[in-house]
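Structure record follows, encoded as structure tokens.
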Amino acid sequence: MLRRSSKLLASYLEDAFSHSASTLTQPCRSFAVKVLEEHRDKCDPDNSNVTKFELVNDPELWKYVERLIPQRVIPPCPKEPGLSGWTPPTLSKEQAKTLPYFVVRTRNHMLPVYLVTEIRGPRYITYVRKVQGDPWVLRNDVQAYLKHLFPDRTIVTKVNELTQTVGFKGKFVDEVTEYLLGKGF
């Protein structure tokens, strides 16, 4: 049964494609040419339906246009702190080379500290991403800092070397960010 139906389908498709290929190719080409000829007058610059424009080479006027165009490259990191509380990194390259780990900022110059909320109950995990070097040393340092701030809490951590992340169970985004800024990252 399957062979017979597949042979019938194959012969039907063969006939359909052979008829459509011979009859449709020429009319489609002529239709495309007719459409172009019909709308040729709309491409005329003197046509009143087309939006008028003029070329301006004045740099004084161009500066207003440039600020509307989105930037392709993110500008370099500013050296002074922002009004929102953002602070630039204070570590020099020589100081960063001596540390056993380094936390790279995101491409928008922010610290990669995130809070993830799980659906199963009120479960919060604070993640530090983009950890280069030894993430275990970072985990130990931040864990000691958090135990100093919260002496009665147990700080549960997890380290993933493959994804360069360190996790802390709880809402510790502000505390971890404060620690990283204090280290100069």
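Bear in mind these aren't lab numbers, they're just calculated from the coordinates by the rules spelled out. On a predicted model such as this, the values are computed, not experimentally measured, just so you know. Cβ atoms come from the backbone with ideal geometry, glycine included; neighbour counts cover every protein chain shown.
Does residue 117 satisfy the criteria of being under 28 Å from the mean Cα position of the chain (by Cα) and either assigned to a strand (DSSP E or B) or surrounded by fewer than 14 Cβ atoms within 10 Å (Cβ to Cβ) (or both)?
Values: under 28 Å from the mean Cα position of the chain (by Cα): yes; either assigned to a strand (DSSP E or B) or surrounded by fewer than 14 Cβ atoms within 10 Å (Cβ to Cβ) (or both): yes.
Against the criterion (under 28 Å from the mean Cα position of the chain (by Cα) and either assigned to a strand (DSSP E or B) or surrounded by fewer than 14 Cβ atoms within 10 Å (Cβ to Cβ) (or both)), residue 117 qualifies.
From the list 108, 160, the lone residue that is surrounded by fewer than 15 Cβ atoms within 10 Å (Cβ to Cβ) and under 19 Å from the mean Cα position of the chain (by Cα) is 108. For residues that are without any contact (Cβ under 8 Å) to a residue 40 or more places away in the chain and either small (Gly, Ala, Ser) or within 19 Å of residue 104 (Cβ to Cβ) (or both), scanning just segment 163-185, find the one that is surrounded by the fewest Cβ atoms within 10 Å (Cβ to Cβ). Filtering segment 163-185 for residues that are without any contact (Cβ under 8 Å) to a residue 40 or more places away in the chain and either small (Gly, Ala, Ser) or within 19 Å of residue 104 (Cβ to Cβ) (or both), the one surrounded by the fewest Cβ atoms within 10 Å (Cβ to Cβ) comes out as 182.
Note on segment 97-113: residues that are without any contact (Cβ under 8 Å) to a residue 60 or more places away in the chain and either on the phi > 0 side of the Ramachandran plot or not in a loop (DSSP other than H, G, I, E, B) (or both) total 4. Looking only at segment 155-185, how many residues end up being part of a loop (DSSP other than H, G, I, E, B) and in contact with a helix residue (DSSP H, G or I) (Cβ under 9 Å, 6 or more places away or on another chain)? Qualifying residue count for the region: 7.
Given the condition surrounded by 17 or more Cβ atoms within 10 Å (Cβ to Cβ) and within 27 Å of residue 92 (Cα to Cα), answer yes or no: does some residue in segment 149-157 qualify? No; the residues of segment 149-157 include none that is surrounded by 17 or more Cβ atoms within 10 Å (Cβ to Cβ) and within 27 Å of residue 92 (Cα to Cα).
A search for C-beta distances below 8 Å between a residue of segment 125-150 that is outside any helix (DSSP H, G or I) and any residue that is among the small types (Gly, Ala, Ser), counting only pairs 6+ apart in sequence or on different chains, returns 125/167; 125/170; 126/167; 126/170; 127/167; 128/167.
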